[in-house]
Amino acid sequence: MRRMEQVVAAVDVGTASVRAALFDRTGGQLGRGEVPLALARPAPGEATYRFADIWDAVAAALRAARAEAGVTPAAVAGLGIDATCSLVLTDRSGAPLGPDTLAWCDHRALADAAALTATGDPLLATLGGVVSPEMQIAKFAWLRRQPDLWNRLGAARDLADALTHRATGNPARSLCTLAAKWTYQGQGGAPWRLDGLGLGELPAHTGAAGPVARVGGDLGPLTPGAAAALGLTRATRVAAGMVDAHAGMLGMWGAGMGPGEAGLIAGTSSCLIAVTPTPLAGAGYWGPAHGAVMPGLWVTEGGQSASGALLDHLARDHPGSWAALLPRLDALLAAAGPGLAGGLHVLPDLLGRRTPEPDPGARAGILGLDGDAGPDATVRLVWRGMVALAVNLGEIAAGFGPMGAPVGRVRATGGHTRAPVLMQLYADALGVEIALAEGEAMLTGAAVAAAAAAGLYPDLAGAAAAMARPGPVVRPRPAPWLGEAAAGLRALRRLDRRL
């Protein structure tokens, strides 16, 4: 194992796996590890993890990444962690409580979210006017209705904050997680404005009323136990945690986002994010959240709660893997053109609809099935699912215009970028060019935060400018045929409302 200049470690906890990587000061990836996660679904609408399993996966992925990089533990100056916005519960002794970790996609709080929306409180404007069961305030409202859990609750933390707490012992919460998922408004004199929702006790009862750390902030060194588990040393500094999508934005930041630029984070779920000097707000858009990516700037996002998950669901009957399905799709498109399966329409709301027309209770649907059960029927269905996601993404982008931030260019990262046919479709539907990030921007963003926390750069902006690596650009093509797909999507939504 060779000694080398100081490097940083990054961890990205997704829905299905933990990814870890080591980076040099210029953003070059030196080694990578990945470990699957077990997501339990004990009942319809429920999705849970064991936090201990997530921590073990983080440790295993980090050890694998460092082994591949061939660097000594002493060379790792900083550690950055991002994660899905799952909720980790502990009792007053710090032991796991109840279901332990409610996944971001756990919708058991659907009725609680609707009740919060019905209050009409002004704070709802920061949530697009509708509370999603994915939001932590909805899960907290559900938790309050469970006396056995509620009376024993010691703390509730966003997953990223739970991991940094386990790593350092520092109870500070991340401004990123609180602003993006807990309605915290740190730029004002009263950061918590939850009384109108009947949740005034949330900060104190969940332990969230304490210190708040900015993105890139240093939470301190690893504890002895964490250093031993992660295969690092106590000298490694740990950055404040981040929501995974926001880490992706940071990883694509470079020297900054220009006017009209937005970021697309496209994986199991997808979101289009604008980071602006002034706040934006619109129906169905989450935010504005102040300081959730860069100090002093506002974050607003429109999203699709289940995009990659929708495509995986539609492809489940195909006899081969995605590596086999995508080339067959290319062949069918070459023969039939992009109007392939034009009479088939997919309503893509597998896990509710966020943007536009937010409706947490919405569900997916298919219209136009002809009874063909062959493998090509599945390929055609997947294509029309892609088309529906692209049309919906175009609607999300269009919604930024009335808010004063029209989307003129997009930077993209996530699993969807590995499917050229899908990224071309997105560019066509948006009508703008899409610049693909090199590698995995969520990991890069966590590494940027780690570099800032470790003092390798004077500030977060300097680290982001030095470590981002742009990839190829996808340019849009004329796509008048998408008008038929958009009409089909609108028709399915009308049918969904009637039912």
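The values are calculated or read from the model by the stated rules, or taken from the named source; none is laboratory data. Please read all numbers here as calculations on a predicted model, not as lab measurements. Backbone-built Cβ (ideal geometry, glycine too); neighbour counts: all protein chains shown. In case anyone asks, the SASA skips ligands and DNA or RNA and just uses the protein heavy atoms, side chains included. Shrake-Rupley method; radii C 1.70, N 1.55, O 1.52, S 1.80 Å.
Which residue out of THR26, THR48, THR15 is open to solvent by 10 Å² or more (accessible area, probe 1.4 Å) and either in contact with a Pro (Cβ under 9 Å, 6 or more places away or on another chain) or closer than 19 Å to ALA227 by Cα (or both)?
Criteria check complete, one pass: THR48.
Output the strands (runs of 3 or more DSSP E) that fall wholly within the range 153-266 and possess 2 or more residues being open to solvent by less than 10 Å² (accessible area, probe 1.4 Å) and at pLDDT 95 or above, or say none.
Answer list for the range 153-266: 153-158, 237-239, 261-266.
Under 9 Å by Cβ, and 6 or more places apart or on different chains, what pairs join a residue from the range 112-141 that is at positive phi and touching a residue at least 24 places away in the same chain (Cβ under 8 Å) with one that is in a helix (DSSP H, G or I) and surrounded by fewer than 21 Cβ atoms within 10 Å (Cβ to Cβ)?
The qualifying pairs are GLY129/THR117.
ARG66 fails exactly one of the following numbered conditions: (1) touching a strand residue (DSSP E or B) at 6+ places or on another chain (Cβ under 7 Å); (2) in a loop (DSSP other than H, G, I, E, B). What is the number of that condition?
All conditions are met except number (2).
Specify which of the listed residues (ALA487, ALA463) is in a helix (DSSP H, G or I) and surrounded by 16 or more Cβ atoms within 10 Å (Cβ to Cβ).
Checking each option against the conditions leaves just ALA463.
Please specify each residue of the range 13-41 satisfying the condition of being outside any strand (DSSP E or B) and more than 16 Å from SER86 (Cα to Cα).
Correct list: ASP24, ARG25, THR26, GLY27, GLY28.
Enumerate the pairs (first residue in the range 383-403 and closer than 13 Å to GLY303 by Cα and open to solvent by 10 Å² or more (accessible area, probe 1.4 Å); second residue anywhere and among the polar types (S, T, N, Q) and modelled with pLDDT of 95 or more) with beta-carbon separation below 7 Å, excluding pairs fewer than 6 apart on the same chain, so at least 6 apart or on different chains.
From residues that are closer than 13 Å to GLY303 by Cα and open to solvent by 10 Å² or more (accessible area, probe 1.4 Å), there are no pairs.
Mind checking whether some residue in the range 94-104 is open to solvent by 20 Å² or more (accessible area, probe 1.4 Å) and in contact with a His (Cβ under 7 Å, 6 or more places away or on another chain)?
no
Among the residues of the range 328-369, which ones are open to solvent by 40 Å² or more (accessible area, probe 1.4 Å), of a type in the set (D, E, K, R), within 22 Å of GLY483 (Cα to Cα) and part of a loop (DSSP other than H, G, I, E, B)?
Answer for the range 328-369, where residues must be open to solvent by 40 Å² or more (accessible area, probe 1.4 Å), of a type in the set (D, E, K, R), within 22 Å of GLY483 (Cα to Cα) and part of a loop (DSSP other than H, G, I, E, B): just GLU357.
Quick check: is even one residue across the range 274-281 within 22 Å of PRO348 (Cβ to Cβ), assigned to a loop (DSSP other than H, G, I, E, B), hydroxyl-bearing (Ser, Thr, Tyr) and open to solvent by 10 Å² or more (accessible area, probe 1.4 Å)?
Within the range 274-281, not a single residue is within 22 Å of PRO348 (Cβ to Cβ), assigned to a loop (DSSP other than H, G, I, E, B), hydroxyl-bearing (Ser, Thr, Tyr) and open to solvent by 10 Å² or more (accessible area, probe 1.4 Å).
Could you grab me the full set of residues in the range 92-111 that are at pLDDT 95 or above and outside any loop (DSSP other than H, G, I, E, B)?
Scanning the range 92-111 gives PRO96, LEU97, THR101, LEU102, LEU110, ALA111.
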